[in-house]
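What follows draws every value from the coordinates through simple rules; no lab data is involved. This structure is a prediction, so every number in the text was calculated from the model and none was measured. Heads up, the Cβs are rebuilt from the backbone with ideal geometry, glycines too, and the neighbour counts pull from every protein chain shown.
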Amino acid sequence: MRQRRDGSGIYVLAAAVVRFGDAEGLREVLGDLGHGKRRFHWRLEERRDQLRAVRRLSGLDAFHVVVIAQPMDSVRQERARRGALQRLLWELDQLSVGLVLLDRRTDSLNRRDRALVDALRGSGVLRPTLVIDFAHSYNGIDGEILLWIPDIVAGAAAAAHGDGDRSFLDPMGHLVLEIPLELG
């Protein structure tokens, strides 16, 4: 969630679409972004490291889908996430993505996300063959460094749509599909 200058909030959710065979090479390319720390996390990084990450992504063979949900009331963040996740999953399904890895949150919040996925499948919005799983976004035994990519893209999109700072998003512009979602 990000506050805009006018006080309204936005919720940004992003996905990186990569070929399965490219995953290991992408992990190697991303590995040093965290400077040996446990993980790269956009909100905790210095601007120079954010810019370095954006430059790195702009040279990768990946396509990014970003849903920008607004305006958002800060007390209804989960509602905004649900709407953004629904739209993002639909877009990924339309692109014939086979596997979606979501950044693991708490068990109860993961159950909410799974319930949404089940409902979308039950209503025919998503193919039953679309696999959705959860992983940690840090480099470790059960972590997935590829989740750094949507974190970077979401951070860049939040800066562009929240603060009007497009210096992060513009270098990746040709690789990013931005989808506005009006929250009612």
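For the range 2-182, DSSP calls about 45 percent of its internal beta bridges antiparallel.
Projecting the Cα atoms of L99, Y138, H64 onto the charge dipole of the chain (Cβ charges, centred on the Cα centre) puts Y138 farthest toward the positive pole.
With +1 on each Lys and Arg Cβ and -1 on each Asp and Glu Cβ, how big is the dipole of the range 1-132 about its Cα centre, in debye rounded to the nearest 20?
Working: 26 positive and 17 negative charges, 91 e Å.
Dipole magnitude for the range 1-132 comes out near 440 debye.
To make sure I understand, if each residue's beta carbon is the centre and we count other beta carbons within 10 Å, what order do W90, W148, W42 fall in, fewest to most? Each step should come with its number before you reach the end.
Details: W90 15, W148 28, W42 20.
Listed from fewest to most nearby Cβ atoms, that is W90, W42, W148.
Close amide-amide hydrogen proximity is noted between D165 and A160, each under 5 Å apart and 5 or more residues distant or on a separate chain (H modeled in the peptide plane; Pro and chain starts excluded).
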